[in-house]
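**Student:** I have a structure I would like to understand better, so I am pasting it below and will then ask my questions one at a time.
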Amino acid sequence: LNCPLSAPRMQSILHRIFKDTKFPQNGTQEELHTFFENTVTAFEEGTDGNPGFLKQTALDPVNGDDEFKDKLDEHRDELLLVKFWKKNCIPCLSVAEMYKEAEQRCKEEKLPVKFYSINTKEKQNSDVVDFQLVEGTPTIQRFHDYVQLGDDIRAMNIDDLMDTIYKDVAGITRKK
């Protein structure tokens, strides 16, 4: 786990995943693992025609090193935020809504910010994940003018995340 999660956020996402699900009372470790994985996957992907959580909170994906470099070039004059994540990652799910909300706020406020996501388990992303020294998920990095800014973002709530974004945007604006 790359960032500490608040207990309320973790409890909230776990409650939404499992709701009133009855947990198996008996079973091998493998059976319990399969139950957990299947339940999380159903939440992520959706069931019975309902869109899953991943679709509801998706940021535009980046696939592969070349596309990552293209995005750095395309948005070199903006603040570029990249969320590294993977499926079946409870911490990733717990921050997904916060990043989607931040993306929406930035659009509404017409801030020069673009959000993307990179699935760390996709084979085509292994080079960029390794180069960016991503050791856990979720990891959120920010870039401007081809350069990574500061440390990975560790915001635990929308206000802290927006404060970080506002400071970065102010720094970018001053440089112009």
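Bear in mind these aren't lab numbers, they're just calculated from the coordinates by the rules spelled out. On a predicted model such as this, the values are computed, not experimentally measured, just so you know. Virtual Cβ from ideal backbone geometry, glycine too; neighbours counted across all protein chains shown.
**Student:** Given 20 °C and 1.002 mPa s, how large is the Stokes-Einstein diffusion coefficient of the chain in µm²/s, with Rh as the Kirkwood radius over Cα pairs?
**Tutor:** Translational diffusion coefficient: 123 µm²/s.
**Student:** Let me ask something else about it. Mind listing P(r) for segment 81-147? All alpha-carbon pairs, 10 Å bins, whole percents.
**Tutor:** So the P(r) values, bin by bin, are 19, 49, 28, 3.
**Student:** For segment 1-151, give the share of DSSP beta bridges that are antiparallel, in percent and rounded to the nearest 5; count only bridges with both residues there.
**Tutor:** Counting DSSP beta bridges with both partners in segment 1-151, the antiparallel share is about 45 percent.
**Student:** Determine, for Val95, Val129, the number of other Cβ atoms within 10 Å of each Cβ, and report the residues in order from fewest to most.
**Tutor:** Val129, Val95
**Student:** Give me Leu80, Leu72 sorted ascending by neighbouring Cβ count inside 10 Å, so fewest comes first.
**Tutor:** Fewest-to-most Cβ neighbours within 10 Å comes out as Leu72, Leu80.
**Student:** If Lys and Arg each add +1 and Asp and Glu each add -1, what is the summed charge of the other residues whose beta carbon sits under 12 Å from the beta carbon of Phe115?
**Tutor:** Net charge in that neighbourhood comes out at +3.
**Student:** Here's a follow-up. Would segment 55-113 count as rounded, prolate or oblate if I go by the C-alpha gyration tensor, calling it rounded below 1.5 in a/c and otherwise prolate when a/b exceeds b/c, oblate otherwise?
**Tutor:** It is oblate, given that a/c is not under 1.5 and a/b is not larger than b/c.
**Student:** Just subtract the alpha-carbon distance of Lys123 and Glu74 from 0.36 nm times their residue separation and send over the number in nm, one decimal.
**Tutor:** Length gained between Lys123 and Glu74: 15.3 nm.
**Student:** Another question about this same structure. As a quick test, which of the pairs Lys19/Lys110; Lys22/Lys114; Lys100/Lys121; Lys19/Lys114; Lys69/Lys121 have an alpha carbon distance above 29 angstrom in this structure?
**Tutor:** As for pairs spanning more than 29 Å Cα to Cα, those are Lys19/Lys110; Lys22/Lys114; Lys19/Lys114.
**Student:** Over all distinct Cα pairs, what is the inverse of the mean 1/r for segment 7-55, reported as the Kirkwood hydrodynamic radius in Å? Let's see the in-between values first.
**Tutor:** Numbers: mean 1/r = 0.0848 Å⁻¹.
Result for segment 7-55 stands at 11.8 Å.
**Student:** Report, to the nearest 10°, how far helix 29-45 tilts away from the longest principal axis of the Cα atoms in the chain, using its own Cα long axis and a range of 0 to 90°.
**Tutor:** Between the helix axis and the principal axis of the chain, the angle is about 50 degrees.
**Student:** Moving to a separate point now. Given only helices, namely DSSP H runs of n ≥ 4 each adding -39500 (n - 2.57), what is the per-residue ellipticity at 222 nm of the chain, to the nearest 500 deg cm²/dmol?
**Tutor:** Helices in the chain give a 222 nm mean residue ellipticity of -15500 deg cm²/dmol.
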